[in-house]
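Report on the structure given below.
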Amino acid sequence: MADESDPTTADVLVVGSGVAGCAAALGAARAGEDVVVATKAERPKDATSWWAQGGVAVSRSNAEGFKRDIVAASDDTADPDAVDVLVENANEAVRDVLIETLDVPFDTEADDPDTFDYGREAAHGERRILHVNASTGRHVLGPFLSYLDDHPNVTLREDTAALDLLTREGRVHGALCEHDGDLDPIYAGSTVLATGGIGALYGRSTNPDGATGDGIAMAALAGADVADMEYVQFHPTAYAGEVATPFLLSEALRGEGAILRNDDGDRFMPEHHPDAELAPRDVVARAVAAERERTGDVLLDVSSLDFTTEFPDLATNCDERDVDHRTGIPVAPAEHFLCGGIAVDSRGRTSLDRLFAVGECSRTGVHGANRLASTSLLEGLVWGLRAGRTAAASGADPEIVDVPDLRDSDPALPAAFAAEKFTRLREVMDEFVGLSRSPSGLRRASAAIRRLKGEVDAYVRTRTSRELYELRAATVTALLITRAARENTDSRGCHHLVVTTDEPEVHAD
Ligand code: SIN
């Protein structure tokens with residue numbers, strides 16, 4: 001049980017150590033607050049940000065053009081106020097944090113080391129993406145974590161999973177965490193959730209295994225509002241081979257001229273959208289899925305690029321899997337990003353007092369029904385800084401509140417139980433709550449996930465382990481996604497509804 005004789009306290013607790021969590025920690029630490037970053041990651045590469053390839057879009061000198069592209073990619077559903085916040089803070093946040101504080105080695109023009117080599121990706125009207133080769137995430141997150149590790153106001157606690165929020169009368173006072181089987185409440189004046197995405201809910205994802213929706217589930221169970229949960233984005237071009245060794249073929253490849261061919265060798269994207277391979281991500285993902293279904297393999301043809309020179313990291317990924325890029329790289333859609341999440345305002349405040357959320361677990365409104373490429377690190381950076389500063393300015397002191405009456409930590413949860421339930425959950429999400437959904441499929445998913453959740457909850461009443469809480473988070477989040485998808489009959493962006501005439505009538509819960 002928790003050791004109440006020596007409670008851990010912080011002015012600001014940040015849960016999660018991707019770019020958004022790091023930015024929140026930096027924002028609060030710069031304001032002089034004591035910050036604890038609790039992360040279940042054991043290594044930096046356990047955070048989804050590490051895996052980000054494309055880069056960080058900036059507005060350069062055309063803010064209005066950038067805003068237009070975000071809104072167009074979202075099929076006109078992005079919140080214009082949130083888009084203003086993102087774009088108008090982009091250049092300054094990137095300059096201040098990524099360039100001047102962290103010295104991220106963004107690529108520059110071959111013949112001019114003082115000029116950035118801005119990349120282009122799908123649905124961007126111009127070159128505006130700062131990148132480090134096609135592995136930008138690790139080149140941002142690595143220096144960020146090192147910087148925070150050396151910061152006198154920041155304590156990094158790795159391999160420390162938040163299981164539940166500590167609440168009293170609708171106010172959040174920190175989180176109950178687990179490290180090495182021991183339970184440890186961390187009491188905080190303000191709590192910032194930055195727990196990332198939901199890739200573990202799907203069979204094929206570009207996220208690391210730990211993306212189990214923890215923050216979303218904890219916040220929702222504590223009563224926080226969530227929004228846009230139905231908008232699960234699938235990346236069109238993940239490597240189609242073994243799912244145990246996933247990797248992404250960055251949108252930057254299509255930005256630089258790579259094209260998609262079906263199993264007959266035909267280029268098909270021009271039939272689906274006037275922008276062909278540079279169409280919004282949801283459009284390309286559905287077209288790739290349809291062509292795979294119709295003809296077999298879909299290949300990304302990179303023959304017009306100097307692939308090994310311009311994208312050496314991706315070339316290495318291919319070599320490691322014995323994929324000969326010269327004959328085309330087999331690709332398939334994979335779950336990539338949740339556009340919705342915990343509802344927040346322009347400063348990352350949730351509907352619960354003293355609780356903030358940033359990054360992929362949050363819903364700022366910037367992405368609407370479909371996210372524009374290379375805006376997620378940027379959103380995490382901008383909202384992270386704002387939330388960290390706002391949490392610091394609130395000046396709330398940590399309070400010691402009652403810890404939920406949990407069972408002794410029991411890491412001996414039968415591994416087979418968790419593995420079996422996760423497999424079942426993924427099967428249900430893949431079949432019924434994937435790239436395309438139908439009312440009857442969503443209804444079946446809802447019933448199946450409810451059953452699973454019932455079984456998981458029965459375990460939660462008798463024992464406590466990180467794996468079990470991850471499973472609980474995944475089932476709660478899956479149910480939120482499915483419920484939102486059932487309630488939204490407007491087929492748009494990443495929520496693609498296929499309704500056949502023999503569909504029975506839909507009843508949302
Ligand atoms: C990519 O490199 O294609 C991913 C970029 C993103 O998801 O924003």
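The values are calculated or read from the model by the stated rules, or taken from the named source; none is laboratory data. Quick caveat: nothing in here was measured; it's all calculated off a predicted structure. Positions of Cβ are generated from backbone atoms using ideal geometry, with glycine treated the same way; all protein chains shown enter the neighbour counts. Just the protein is used for accessible areas: all its heavy atoms, side chains included, with ligands, DNA and RNA removed. Shrake-Rupley method; radii C 1.70, N 1.55, O 1.52, S 1.80 Å.
A few points about this structure:
- Remark on the range 52-175: Rg and Dmax equal 18.1, 61 Å (Cα only).
- In this entry, the range 283-362 is assigned a mean projected area of 8.5 nm², taken as a quarter of its C-alpha convex hull surface.
- By accessible area with a 1.4 Å probe, ligands and nucleic acids excluded, highest first: order of Glu33, Glu399, Glu42: Glu42, Glu399, Glu33
- For the range 386-494, applying the loop criterion from DSSP together with a ceiling of 16 other beta carbons within 10 Å to the trypsin sites (Lys or Arg not before Pro) yields Arg407, Arg461, Arg463.
- Projected-area mean, the range 101-234, by convex hull of Cα positions, square nanometres: 11.9 nm²
- Against the rule of thumb 2.2 N^0.38 Å, how large the Cα Rg of the range 189-294 comes out: 1.33
- As a length-normalised measure over Cα pairs under 8 Å and 6 or more apart, the relative contact order of the range 122-205 settles at 15 percent.
- D by Stokes-Einstein for the range 365-404, Kirkwood Rh over Cα pairs, 37 °C, 0.692 mPa s: 255 µm²/s.
- For the chain, the solvent-accessible area with a 1.4 angstrom probe is 39 square angstrom per residue.
- Semi-axes of the equivalent ellipsoid for the range 129-180, Cα gyration tensor, largest first, Å: 31, 15, 12
- Largest first, the extents of the alpha carbon coordinates of the range 1-54 on the three principal axes equal 46, 31, 11 Å.
- Ile129 sits among other residues whose Cβ lies under 9 Å from its own Cβ, and their net charge, with Lys and Arg +1 and Asp and Glu -1, is +2.
- On a per residue basis, the convex hull of the C-alpha atoms belonging to the range 231-360 measures out at 144 Å³.
- The chain: translational diffusion in µm²/s, Stokes-Einstein, Kirkwood Rh over Cα pairs, 25 °C, 0.890 mPa s: 107 µm²/s
- Between Ala393 and Thr308, residue separation times 0.36 nm minus the direct Cα-Cα distance comes to 25.8 nm.
- As a rough guide to protection, the peptides 133-146, 16-29 ranked by mean Cβ packing within 10 Å, highest first, stand as 16-29, 133-146.
- Radius of gyration and maximum dimension Dmax of the range 65-127, Cα, Å: 14.1, 41
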